[in-house]
Amino acid sequence: MVIILDKIVYGNVSIFNLLLALIVVIIVALIAKGISINLRRALKGKISKNHLRNMVRLVNFIGIIFALIIILPIIGVNPTGLIVAGGIVAIVIGLATQNVISNLVAGLFLMIERPIKIGDSVNIDGTSGVVEDVKIISTTIRTFDGLYVRIPNEHVFNTKITNYNINIVRRFEYTIRIRYRDDAEKTIEIIKNLIDDHSFTLKNPAPEIFVENLGDSSVNINVKIWTPTSENWNVKTELLWKIKKVLEAEGIQIPFPQREVWFKNKPKTT
Amino acid sequence: MFELHKIPFKFENKEFSLVVDRIEGRFSYIRECNSELCEKNILSKTTPKVMLSPVEPVNLPKKLTTCFLIEFEKTSIIEPKTTKKIFIKFPMEFGVFIKSKKDYEIIDIFSPLKPKFTLYGDHRIGTICRYSKSKIHSKLPRVNPLYEGIMELNIINHTNNWVEISKSVFNACGMELWHTDKLVSMKATMKIIQEKLAETEFVNAPLKKGMKKSMELYTPNTVSIFTPKFTMSGWL
């Protein structure tokens, strides 16, 4: 058996060398396969299928390169020349594609950190919209008025991101102004009952309703309401007008701006 | 009330009304509850049958969550190494099913009660739950089955300390509802593992003999001998 393994096939390469090279290729292929499977599981649903497929291909490609680097010396190919040439090419490509590579690296970090995912409503450096795609180099947003915005990942990674969807609950608030002569306690009670009656205003965290300040023309009541994030917009747009109608039905009105005017000399009346 | 009915079918009381009738070549479904009207056409080759059944109370007004939380009217304190059986009430939801040949299909879900939701846990990783409040009863209380059902809850304190509990949270997957015409019930356990950690789980058994099993909308995804549990962490 040993004699067969030591048999030279060409140059200094024996059957043993060829078998070793084959084993290395198999091991690297299995490792690449394992990484691909875990990558698919981790990123499924977070990026589009096309990009996931491309990432898996990239992993397999890197695996092939790695295997080649290991087996070339084993099968008698001197990689020194290749490495030198490869190094020069890498420097040239690196200089030419600095921005692309920084966007790519930022894209990978974004996929690891996951501050945003497809479908989230976000604000990235002043651009608000829904995340349509998180690609390897850029992120695509559809603004709320339907525009397409492509943001390079380096910019996304280095800027402030506000994600409106990431938490399961959100709060919104109103300021309700009533006349000074209206009963603030009664107003608070009416608003509280209306909020309690709505299915999507949460029991906990409980809503907060209080007199916030005594304004120039009105008593200002602050209303803070928590809802499930998915229902936040609907409840916010629905509830304010209901509050207004119910208060008016109870004789509580929203005042116009007012001024009291004092005359220095009392006007003569005839 | 909770059985298979032939069409035409009509059920009416002061809480809601259901009418399923044949009109020309189709079947018409009309439900009225709390001034809300639901009308649907059922297009079927054969004449289906209709069934009204209690369902898991986590569907209305829309499917936001599969969890529901029952807050106890008064906080309770349970002795160490003790098991205590209590009865609490839960809100009712009804499903209307049609049966054609072998399968049942849900066509409507309604409830005379207005649902409410709450957050259990953290703002980021907590759970939105259907909310309900109940007194704790030592004996089986009387209920109107159109509004409330009864849960027999076995609270087991495995710890060496007195533990304060004010609520119980359940996962509707694995919920087993049983009914008669006068009572809808379920059984569950709440195992207190640590002072701020408990596990709830349903028990597949009726409260009384002769109860029939209700239709299930939420079933565990995997075939398992273990029913899904809910882990309450941080707030009991």
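The values are calculated or read from the model by the stated rules, or taken from the named source; none is laboratory data. What you see is a predicted model; the values in this text were computed from it and never measured. A quick note on method: Cβ atoms are made from the backbone with ideal geometry, for glycine too, and the neighbour counts reach across all protein chains shown.
Summed over region A:63-102, residues that are among the aliphatic types (A, V, I, L, M) and outside any helix (DSSP H, G or I) total 2. If we scan region B:75-91, do we find a residue that is among the acidic types (Asp, Glu) and part of a strand (DSSP E or B)? No, the conditions are met nowhere in region B:75-91.
A quick yes/no check of all residues on (1) more than 15 Å from B:Pro54 (Cα to Cα); (2) within 14 Å of chain A (Cβ to nearest Cβ):
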{"site": "B:Leu119", "(1), (2)": "yes, yes"}
{"site": "B:Ile125", "(1), (2)": "yes, yes"}
{"site": "B:Gly149", "(1), (2)": "no, no"}
{"site": "B:Ala198", "(1), (2)": "yes, no"}
{"site": "B:Lys212", "(1), (2)": "no, no"}
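Listed here are the residues, each with its yes/no results for (1) over 23 Å from the mean Cα position of the chain (by Cα); (2) within 14 Å of another protein chain (Cβ to nearest Cβ); (3) modelled with pLDDT under 90.
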residue	(1), (2), (3)
B:Ile42	yes, no, yes
B:Thr47	yes, no, yes
B:Val55	no, no, no
B:Asn59	no, yes, no
B:Thr66	no, yes, no
B:Glu73	no, yes, no
B:Ile78	yes, no, no
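Within region A:158-170, the set of residues being crowded, with 17+ Cβ neighbours inside 10 Å and of a type in the set (D, E, K, R) comprises A:Arg170 only. Residue count for region A:182-213, restricted to those that are touching a Pro at 6+ places or on another chain (Cβ under 9 Å), in a loop (DSSP other than H, G, I, E, B) and closer than 19 Å to A:Val246 by Cβ: 4. Just so you know, in region B:8-27 the residues that are farther than 20 Å from B:Thr180 by Cα and within 27 Å of the chain's Cα centre (by Cα) include one that is surrounded by the fewest Cβ atoms within 10 Å (Cβ to Cβ), and it is B:Val19.
Could you tell me whether any residue of region B:85-107 is away from chain A (no Cβ under 13 Å), over 30 Å from B:Ala198 (Cα atoms) and among the polar types (S, T, N, Q)? So far as region B:85-107 goes, yes, one or more of its residues are away from chain A (no Cβ under 13 Å), over 30 Å from B:Ala198 (Cα atoms) and among the polar types (S, T, N, Q). The residues on offer are A:Asn163, A:Asn158, A:Asn153, and the sole one that is within 14 Å of chain B (Cβ to nearest Cβ) and either at pLDDT below 95 or under 13 Å from the mean Cα position of the chain (by Cα) (or both) is A:Asn163. Within the option set A:Asp145, A:Asp196, A:Asp216, being within 13 Å of chain B (Cβ to nearest Cβ), out of contact with any Ser or Thr (no Cβ under 6 Å at 6 or more places or on another chain) and of a type outside the set (A, V, I, L, M) holds for one residue only, A:Asp196. Checked against the criterion of being among the acidic types (Asp, Glu), surrounded by fewer than 18 Cβ atoms within 10 Å (Cβ to Cβ) and more than 14 Å from chain A (Cβ to nearest Cβ), region B:171-192 contains one or more residues that satisfy it. For region B:28-40, taking the residues that are of a type in the set (S, T, N, Q) and surrounded by 11 or more Cβ atoms within 10 Å (Cβ to Cβ), the one that is modelled with the highest pLDDT is identified as B:Ser28.
Against the conditions (1) over 21 Å from the mean Cα position of the chain (by Cα); (2) of a type outside the set (A, V, I, L, M); (3) assigned to a loop (DSSP other than H, G, I, E, B), B:Pro115 satisfies every one except (1).
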